[in-house]
Amino acid sequence: MMFAVAAIAVLIALALAVVRVLAGPTVFDRLVAANKIGNAVILLVAIFGFLTGRPEWLDIGILYGLLNIIAVFAVLKFLRYGDLGVTGGEEPTD
Amino acid sequence: MLDLVIDAISWILILAGSFFLVVGAIGLNRMPDVFSRLQATGVSDTAGAGFILLALVFQAGFTLVAVKLIFLILIFLFTAPVATHAVTRAALSVGVTPRLFDASGRQRRKITEEVMRAKTAARPEPAAQQKGKGKPGARKKGGRSSKR
Amino acid sequence: MVLLTLLAVVAIGIVRLRNLFAVVILGAVYSFLIATVFLVLDAPDVAMTEAAVGAGIATVMMLAVLHLTKTDESRPRQPQIFPLFVSAVTGAALIYGTLDLPPFGEADTPVHTHVGPYYLSQSIPDTGVPNVVASVLASYRGWDTLGEVVVIFTAAIGVLLLLRRAQRPTRQATRSRRDAP
């Protein structure tokens with residue numbers, strides 16, 4: 001019961017973050033929201049392990065945490081040292 | 001008795017964590033610009049995840065699972081502020097200006113835009129104006145690319 | 001269910017967006033979400049592989065490719081009928097193929113009657129590895145796995161060579177182009 005409440009809260013946060021990823025005007029909005037989605041997914045993995053009575057999957061959660069920050073830093077490094085001219089505020093025009 | 005106490009503590013922690021997570025997600029959608037969104041989601045996300053994982057630690061007891069969960073909490077505590085900080089620095093260095101607004105919000109925003117324009121116009125090469133980077137970021141990038 | 005809905009939403013976003021940065025970020029998000037779906041479907045190995053490859057390596061490689069090209073997708077000149085036709089036919093064929101699959105979770109499907117019980121019962125005396133998936137991958141199908149490793153290694157070397165060779169002249173070209181206006 002209590003894990004179900006937590007899972008529902010995490011899913012709500014996940015959905016709202018997906019909304020921001022799709023809507024965000026700049027790249028950084030999408031990046032922040034993607035980071036939040038990664039965090040929510042880690043929490044979901046942990047909670048789901050407890051929900052089904054097999055909490056041995058937490059290693060995957062740890063792996064996701066490391067991958068999350070690797071992805072964020074890869075994008076940021078590219079933004080800083082790559083082609084800087086076209087980054088911020090490119091809206092889809094269709 | 002002890003089980004009841006542990007369950008109560010877990011309930012409280014999970015409710016607090018869920019509250020923080022959902023509030024952070026709402027803030028992510030309601031705030032006006034990048035920096036306030038970062039502020040809304042970075043802080044509350046770390047808090048919410050920490051609370052929920054702490055509740056799971058209480059549920060797991062003294063097992064290997066609890067050790068893994070504490071490891072996960074440590075990863076959250078270290079990586080989430082670092083990621084937030086890095087996103088903020090990158091946003092500033094690329095040229096996203098924070099939107100400062102009060103009751104007459106539009107006025108303040110114009111002032112900051114003029115300040116940023118003066119800052120970029122004062123730089124020596126005119127080609128950098130469309131990039132709109134701040135000075136420390138530019139110096140750091142110069143040093144890095146000369147090393148390359 | 002919620003996760004699948006979010007997956008569909010993210011996929012539509014990937015198709016519609018034109019800024020390739022956003023597409024890369026959305027790709028990482030998609031791969032995290034589908035890894036969670038795999039986990040819910042009780043396949044943690046697949047989920048771990050999907051997250052490592054999809055969210056980690058694929059994101060970094062896509063960014064490395066983006067370094068070489070523009071960051072905005074150009075519009076197609078005319079509406080593309082033929083690719084739509086090909087993908088629709090392929091999708092219809094795949095859906096037709098799923099009609100012949102046995103029902104999900106049934107006990108007497110070929111998967112559960114052919115070699116599966118042998119692996120499950122004999123993997124400990126044969127190989128001594130406690131995890132059945134690991135014993136099948138590394139012992140029963142060892143040559144198969146060796147072939148996969150060779151293929152992946154070759155692909156990784158090829159990608160690295162491609163990226164490195166194209167990198168130097170392209171970077172100078174972009175720098176001179178940026179200074180020009």
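Every read-out reported here was derived from the displayed coordinates using simple, explicitly stated rules and does not represent laboratory data. For clarity, every value in this text was computed on a predicted model and none was experimentally measured. So basically every Cβ, Gly included, is an ideal-geometry build from the backbone, and we count neighbours across all protein chains shown.
List of remarks:
- Rg over Rh [alpha-carbon atoms, Kirkwood Rh] for segment A:2-81: 1.05
- Once the Cβ-Cβ distance of A:LYS77 and C:LEU162 is raised to the sixth power relative to R0 = 22 Å, the FRET efficiency obtained is 0.60.
- Among C:GLU148, C:GLU50, a tally of other beta-carbon atoms within 10 Å of each Cβ gives an order, fewest to most, of C:GLU148, C:GLU50.
- The chymotrypsin sites (Phe, Trp or Tyr not before Pro) of segment A:35-82 include none that meets both conditions, a loop assignment by DSSP and at most 15 other Cβ atoms within 10 Å of the site Cβ.
- Scaling the Cα radius of gyration of segment B:2-94 by the globular reference 2.2 N^0.38 Å produces a ratio of 1.26.
- A Cα-only calculation for segment C:1-72 places Rg and Dmax at 13.0, 40 Å.
- Modelled this way, with points 7 Å down the Cα-to-C-beta line, the labels at C:LEU120 and B:LEU4 are 4.3 nm from one another.
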